[in-house]
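To start, the structure itself, in structure tokens.
The values are calculated or read from the model by the stated rules, or taken from the named source; none is laboratory data. For clarity, every value in this text was computed on a predicted model and none was experimentally measured. Cβ placement follows ideal geometry from the backbone for every residue including glycine, while neighbour counts extend to all protein chains displayed. Areas reflect the complete protein model, heavy atoms only, side chains present, ligands, DNA and RNA absent. Shrake-Rupley method; radii C 1.70, N 1.55, O 1.52, S 1.80 Å.
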Amino acid sequence: MQLGAFSISLTVKDLAASRAFYEKLGFAAVAGDMEQDYLIMASGDTKIGLFHGKFDQNLLTFNPGWNQSAEALETFDDVRDIQAKLKDAGLELALEADPKTTGPAHIFLTDPDGNPILIDQHV
């Protein structure tokens, strides 16, 4: 099972302060918008999403269909196929994608330690 590009999505209190901090660590904003309360920061292949007021806590994020540069892949495991495999493995999903649809969709689950995982397909 290929989950796609990985990033961590951080819930931040002050988007401008967080941007400035991560820029000092060598990250640069590559997507997002301060006006929409989120930025995607990159340093090489490492991605960090900074989100103000969007999530309750930090998330592990996977993007099926994307490589680490957010470029669409020719072939990939669709989020609905990933969902079916996870359910077949006995995992409980907090949010499921409609298996009758195609294209962008997302699912949500939590690991045994309470860490939320978002599998978010944009293509």
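One table, with the values for the structure above:
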{"read-out": "Cross-link partners of Lys13 among lysines (Cα-Cα below 28 Å; sequence separation of 8 or more within a chain)", "value": "Lys24, Lys47, Lys54"}
{"read-out": "Relative contact order of the chain, defined on C-alpha pairs under 8 angstrom at six or more residues apart (%)", "value": "26"}
{"read-out": "Antiparallel bridges, percent of DSSP beta bridges restricted to the chain (to nearest 5)", "value": "75"}
{"read-out": "Formal net charge of residues neighbouring Met34 (Cβ-Cβ distance under 12 Å; K, R +1; D, E -1)", "value": "-3"}
{"read-out": "Probe 1.4 Å, protein heavy atoms only - accessible area per residue of the chain in square angstrom", "value": "60"}
{"read-out": "Net charge of neighbours whose Cβ lies under 13 Å from the Cβ of Tyr22, counting Lys and Arg as +1 and Asp and Glu as -1", "value": "+1"}
{"read-out": "Accessible surface of segment 1-101 [probe 1.4 Å, protein heavy atoms]: carbon and sulfur percent", "value": "50"}
{"read-out": "Segment 1-105: trypsin sites (Lys or Arg not before Pro) in DSSP loop, at most 16 other beta carbons within 10 Å", "value": "Lys13, Lys54, Lys100"}
